[in-house]
Amino acid sequence: MALVEINFDGIIGPSHNYAGLSLGNLASASHAGDVSQPRAAALQGLAKMRHNLGLGLTQGFLLPLPRPNPRFLAAIGADGSENPRLTAAAWSASSMWTANAATVSPAADTADGRCHLTAANLVTMPHRSQEWPDTVRQLRLAFADPAHFAVHDAVPPCFGDEGAANHMRMGTGHAAPGLEIFVYGTSGGAFPARQHVEASRAVARLHGLDPARTLFVEQNPEAIAAGAFHNDVVAVANERVLFTHELAFADPEGTYAAIRAALPEAEIVVVPADAVSLADAIKSYLFNAQLLTLPSGEMGLVIPTEAWEHPRVRAWLDGMLASNGPIRRVLPVDVRQSMANGGGPACLRLRVVADPATVDPRFLLDTSKADRIEAVIAAHWPEEISAADVGSPALAERVIAARLALLDALDLTELP
Ligand code: SUG
């Protein structure tokens with residue numbers, strides 16, 4: 001089979017909760033202390049995967065990581081009873097947002113003709129910094145074939161790296177050589193800039209990218225200060241199309257010119273701030289969308305229902321659909337449980353261009369496997385977790401057993 005884009009969604013783990021751990025992520029802060037619904041969350045994520053499978057697209061998934069994380073607690077000499085924020089960190093289900101699992105360069109872009117993946121160190125947020133060692137184990141299992149894939153450890157922690165959420169790829173097609181665009185932050189005012197340019201440069205070197213087809217673009221500090229803690233909250237690209245908010249980049253015109261110089265076919269759809277303000281874009285997560293090439297060749301935008309229901313965003317989308325632009329369909333999905341922690345449809349997926357036959361089939365989804373996953377979630381995932389439940393030994397046992405039931409159902413028990 002030919003090379004295709006495969007979206008690997010994170011299955012939302014059984015410890016999903018709202019602990020308000022992410023400074024600069026407005027949704028996470030505003031839902032701190034709310035009661036979460038892990039079962040509903042995981043079913044919403046699975047329904048999104050089924051939706052995209054139903055569009056005729058290839059769909060994969062990654063598994064929740066072990067939580068509460070015994071290795072994280074051991075590394076800081078804690079047993080989980082010391083400090084509620086550290087306990088919550090050890091329980092965090094944040095690996096669901098696989099757009100932060102790694103940065104991926106398809107084979108057509110790399111010097112050795114293999115698809116390269118570098119796990120993201122996620123060092124800016126303690127609860128996320130524990131993810132990468134388990135993530136890299138999983139990536140090495142899913143993409144084990146050395147003829148087609150190279151999986152790198154995370155770059156050193158002195159350089160913050162948040163993975164594909166700050167990386168876009170444009171080109172004439174998924175299989176053709178592409179332009180890789182790394183977006184870094186320098187200052188977010190009160191909020192941290194999570195992506196360091198030196199991390200992006202390191203990833204580009206590790207992947208053997210051609211400097212003539214690689215751009216390093218600064219994120220607009222105003223966007224970070226407004227709550228765009230990752231670039232994928234204000235821009236998304238697919239093949240020749242970039243869909244972006246006017247205020248996403250520090251130098252928008254320079255960025256568009258550099259893209260057009262490297263890719264003359266580029267089509268840049270800019271949403272002006274006087275139609276959708278930065279605040280509306282971040283609240284609705286309009287840009288945290290999956291911009292997908294459908295089997296018909298048309299492009300569709302999978303957005304969260306929050307964007308579809310937002311009056312000014314809806315007005316802009318209606319105008320876009322009525323015009324003759326490159327994005328022909330808008331497809332709303334309900335991922336409200338993830339959205340309440342700042343994770344929209346695009347956060348929940350990692351894009352990998354590959355021949356599905358070269359990927360470990362246990363990580364690829366079909367309808368019968370989705371049924372199997374759904375049955376495990378329905379039987380084992382807690383219905384609710386309140387702030388007071390986080391740290392409870394009885395709930396920890398249930399969360400651990402739930403994940404193991406899923407690994408068992410998918411024949412993936414070799415994952416630690
Ligand atoms: O890193 N939220 C995640 C959301 C990640 C979204 N990903 C992308 N934009 N690609 C984060 O801020 C919330 C956890 C908490 O508050 O408990 C959290 O980690």
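Structure notes:
- Positive-end extreme of charge dipole, the range 4-409 - chosen from ASN238, ALA273, PRO326 (charges on Cβ): ASN238
- Test item: Cα-centred dipole of the range 4-409, Lys/Arg +1 and Asp/Glu -1 on Cβ, debye: 420
- Spin-label model, ARG312/GLU265: points 7 Å from Cα along the beta carbon direction are separated by 3.5 nm.
- Evaluated with a Cβ-only charge set (Lys, Arg +1; Asp, Glu -1), the range 297-369 carries a dipole of roughly 100 debye about its Cα centre, given to the nearest 20.
- Low-density loop positions, GluC sites (Glu not before Pro), the range 325-416 - DSSP coil, at most 11 other Cβ in 10 Å: GLU383, GLU414
- Distance between the pseudo-spin-label points of ARG398 and THR186 (7 Å out from Cα toward the beta carbon): 5.0 nm.
- Two-site FRET efficiency, ASP408 against ARG140, from Cβ-Cβ distance with R₀ of 30 Å, rounded to 0.05: 0.90
- Total charge dipole magnitude, the range 171-266, about the Cα centre, Cβ charges on Lys, Arg, Asp, Glu only, Debye to nearest 20: 240
- Each helix, a run of at least 4 DSSP H residues, gives -39500 (n - 2.57); summed and divided by the residues of the chain, these come to -9000 deg cm²/dmol at 222 nm.
- Peptides ranked, highest mean first, by Cβ atoms within 10 Å: ranges 207-215, 2-10: 2-10, 207-215
- Positive-end extreme of charge dipole, the chain - chosen from HIS31, TYR285, GLY45 (charges on Cβ): GLY45
- Relative packing of peptides 78-85, 306-313, 272-279, 96-103 - highest average C-beta neighbours within 10 Å first: 96-103, 306-313, 272-279, 78-85
- The Cα trace of the chain gives Rg and Dmax of 19.8, 59 Å, the first to one decimal, the second as a whole number.
Any read-out appearing in this document is the output of simple, stated calculations on the displayed coordinates, not a laboratory observation. Keep in mind it's a predicted model, so treat the numbers as computed, not measured. No Cβ is skipped: glycine too gets one built from the backbone with ideal geometry, and neighbour counts run over all protein chains shown.
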